[in-house]
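Chemist: Supplied in structure tokens, the structure appears directly below.
The values are calculated or read from the model by the stated rules, or taken from the named source; none is laboratory data. Keep in mind the model is a prediction, meaning the values are calculated, not measured. In this analysis, Cβ positions are derived from the backbone assuming ideal geometry, glycine residues included, and neighbour counts consider all displayed protein chains.
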Amino acid sequence: MTDTSLMAAEIAEIAPAVQHCLTRNEGAMAALGEMLRRDAPGHVITVARGSSDHAAHYVGQAISQRLGLAVASVGPSISSVYGARIAAEGALVLAVSQSGQSRDIRHLTEMLGDTGGLTVALTNRADSPLAHGVDHMIDIAAGPEQAVAATKSYVCSVVAGLMLVAHWAQDGALQAALQRLPDALDGALRLDWSAMAAHLEGAERMTLLSRGAGLSVAQEMALKLMETCGIAAQAFSAAEVLHGPSALLRDGARVMLYATEKTGAASIVDTGARLTAQGADVLAMPPQLPALHPLLDPIAHLPAFYKVVEQEARRRGINPDRPAFLQKETDTL
């Protein structure tokens with residue numbers, strides 16, 4: 001097992017990358033927010049896959065909570081495989097893609113633009129085909145990311161989206177909290193998540209539960225466990241899991257509760273108690289950082305988890321930078 005990895009280095013770069021994203025995009029976000037207030041989209045469509053889709057889900061939660069708009073994720077295959085055309089008049093179309101290369105993301109985004117949507121891309125590649133094919137491009141400014149597992153680019157995608165929400169909604173509290181986020185992310189690297197490390201030891205399966213924006217982070221966590229550690233992980237809403245999947249969570253099944261945001265925490269913990277009573281091995285991860293903002297607390301803790309996952313992968317003899325059968329840029333239809 002090597003002593004370090006590209007993934008570990010990129011996790012350490014999350015806080016400065018977020019600071020760069022905030023500084024670089026302030027003017028563009030203010031202008032875009034003003035335009036959206038003037039033109040007032042009636043709903044939002046997101047287009048993304050993988051970690052980018054988790055980021056889009058996070059931003060969608062913020063849009064619904066702060067702007068009262070319905071947000072729908074449309075699967076790219078509806079256009080690229082099945083050839084359907086979706087009416088998008090009056091919609092903001094938010095495409096999220098770290099590479100901006102995948103043909104299905106571009107195809108659907110361009111189709112939604114053709115049918116009346118205002119297209120905006122969040123990407124780490126300002127020179128990518130996606131960036132050139134939208135009405136407005138936001139460079140998330142995460143910098144080069146070489147490890148297959150996205151870390152700083154996921155966080156910067158979320159932050160760029162939240163900047164847009166803050167300016168669009170003229171939410172001064174969220175804008176101010178975003179300026180404090182880099183320090184919180186840096187602090188997360190020093191949190192004690194040894195309980196999570198112990199919970200992962202020997203695990204072949206893991207279920208992660210959360211709600212709201214935290215569910216986006218739980219989905220991202222599950223993906224990281226699958227791609228870097230070979231753990232069959234899945235994420236559910238702490239409410240949705242009770243509609244069937246909870247029947248499997250017994251006899252020592254390992255569960256992690258991600259309850260870092262105050263509003264949804266009580267219901268997450270309640271679900272955890274029910275699962276403990278039926279025999280699941282449940283670990284609750286409550287907030288360990290000072291409260292920042294309800295829309296930022298879930299993302300602020302993520303570097304602590306990333307560190308644990310990178311270390312667990314290496315403990316298992318897996319190269320977290322180059323997991324088997326995966327590649328950094330995935331081009332799908």
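Chemist: Restricting attention to the stretch 108-120, does a residue exist that is in contact (Cβ under 8 Å) with a residue 40 or more places away in the chain, β-branched (Val, Ile, Thr) and within 27 Å of Ile299 (Cβ to Cβ)?
Modeler: Scanning the stretch 108-120, I find at least one residue that is in contact (Cβ under 8 Å) with a residue 40 or more places away in the chain, β-branched (Val, Ile, Thr) and within 27 Å of Ile299 (Cβ to Cβ), so the answer is yes.
Chemist: Considering only residues that are of a type in the set (A, V, I, L, M) and free of Cβ contacts under 8 Å to residues at least 12 places away in the same chain, which ones fall in the stretch 61-100?
Modeler: Ala84
Chemist: In the list Val18, Val59, which residue meets the criterion of being modelled with pLDDT of 95 or more, farther than 24 Å from Arg106 by Cα, of a type in the set (Val, Ile, Thr) and part of a helix (DSSP H, G or I)?
Modeler: Only one candidate qualifies: Val18.
Chemist: Filter the stretch 257-271 down to the residues that are over 12 Å from Val282 (Cα atoms), without any contact (Cβ under 8 Å) to a residue 40 or more places away in the chain and either polar (S, T, N, Q) or surrounded by 15 or more Cβ atoms within 10 Å (Cβ to Cβ) (or both) and list them by number.
Modeler: The one that is over 12 Å from Val282 (Cα atoms), without any contact (Cβ under 8 Å) to a residue 40 or more places away in the chain and either polar (S, T, N, Q) or surrounded by 15 or more Cβ atoms within 10 Å (Cβ to Cβ) (or both): Ala265.
Chemist: So which of Ala31, Ala72 is surrounded by fewer than 19 Cβ atoms within 10 Å (Cβ to Cβ) and in a strand (DSSP E or B)?
Modeler: Sole residue among the options that is surrounded by fewer than 19 Cβ atoms within 10 Å (Cβ to Cβ) and in a strand (DSSP E or B): Ala72.
Chemist: For residues that are surrounded by fewer than 19 Cβ atoms within 10 Å (Cβ to Cβ) and on the phi > 0 side of the Ramachandran plot, scanning just the stretch 169-218, find the one that is modelled with the highest pLDDT.
Modeler: Selected residue: Gln170.
Chemist: Count, please, the residues in the stretch 183-197 that happen to be part of a helix (DSSP H, G or I) and free of Cβ contacts under 8 Å to residues at least 24 places away in the same chain.
Modeler: 1
Matching residues to (1) closer than 21 Å to Ser51 by Cβ; (2) at pLDDT 95 or above; (3) of a type outside the set (D, E, K, R); (4) surrounded by 20 or more Cβ atoms within 10 Å (Cβ to Cβ):
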position: Ser80; (1), (2), (3), (4): yes, no, yes, no
position: Ala84; (1), (2), (3), (4): no, no, yes, no
position: Thr115; (1), (2), (3), (4): no, yes, yes, no
position: Val120; (1), (2), (3), (4): yes, yes, yes, yes
position: Leu130; (1), (2), (3), (4): yes, yes, yes, yes
position: Glu145; (1), (2), (3), (4): yes, no, no, yes
position: Thr151; (1), (2), (3), (4): yes, yes, yes, yes
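Chemist: Please identify the pairs in which a residue from the stretch 200-220 that is more than 12 Å from Gly264 (Cβ to Cβ) has its Cβ atom under 6 Å from the Cβ atom of a residue that is of a type in the set (D, E, K, R), counting only partners at least 6 apart or on another chain.
Modeler: Note: pairs meeting the criteria are Leu200/Glu312; Ala203/Arg254; Met206/Arg254.
Chemist: A further question on this structure: Going through the stretch 107-125 one residue at a time, which ones are under 27 Å from Glu10 (Cα atoms) and not in a strand (DSSP E or B)?
Modeler: Selection gives Asn124, Arg125.
Chemist: For the stretch 76-89, state whether one or more residues are of a type in the set (Asp, Glu) and more than 18 Å from the chain's Cα centre (by Cα).
Modeler: For the stretch 76-89, residues of a type in the set (Asp, Glu) and more than 18 Å from the chain's Cα centre (by Cα): present.
Yes or no, residue by residue, for (1) under 18 Å from the mean Cα position of the chain (by Cα); (2) in a strand (DSSP E or B); (3) buried (at least 24 other Cβ atoms within 10 Å of the Cβ):
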residue: Asp127; (1), (2), (3): no, no, no
residue: Met137; (1), (2), (3): no, yes, no
residue: Cys156; (1), (2), (3): yes, no, yes
residue: Met163; (1), (2), (3): yes, no, yes
residue: Ala166; (1), (2), (3): yes, no, yes
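Chemist: Taking Leu326 as the residue in question, decide whether it is part of a helix (DSSP H, G or I), out of contact with any His (no Cβ under 8 Å at 6 or more places or on another chain) and more than 18 Å from Gly212 (Cβ to Cβ).
Modeler: no
Chemist: Hey, does the stretch 240-256 have a residue that's under 30 Å from Asn319 (Cα atoms), assigned by TED's automatic domain parsing to the domain that holds Phe305 and surrounded by fewer than 17 Cβ atoms within 10 Å (Cβ to Cβ)?
Modeler: Taking every residue of the stretch 240-256 in turn, at least one turns out to be under 30 Å from Asn319 (Cα atoms), assigned by TED's automatic domain parsing to the domain that holds Phe305 and surrounded by fewer than 17 Cβ atoms within 10 Å (Cβ to Cβ).
Chemist: Tell me, yes or no, whether the stretch 88-99 has at least one residue that is at pLDDT 95 or above and surrounded by fewer than 15 Cβ atoms within 10 Å (Cβ to Cβ).
Modeler: Checking the stretch 88-99: at least one residue is at pLDDT 95 or above and surrounded by fewer than 15 Cβ atoms within 10 Å (Cβ to Cβ).
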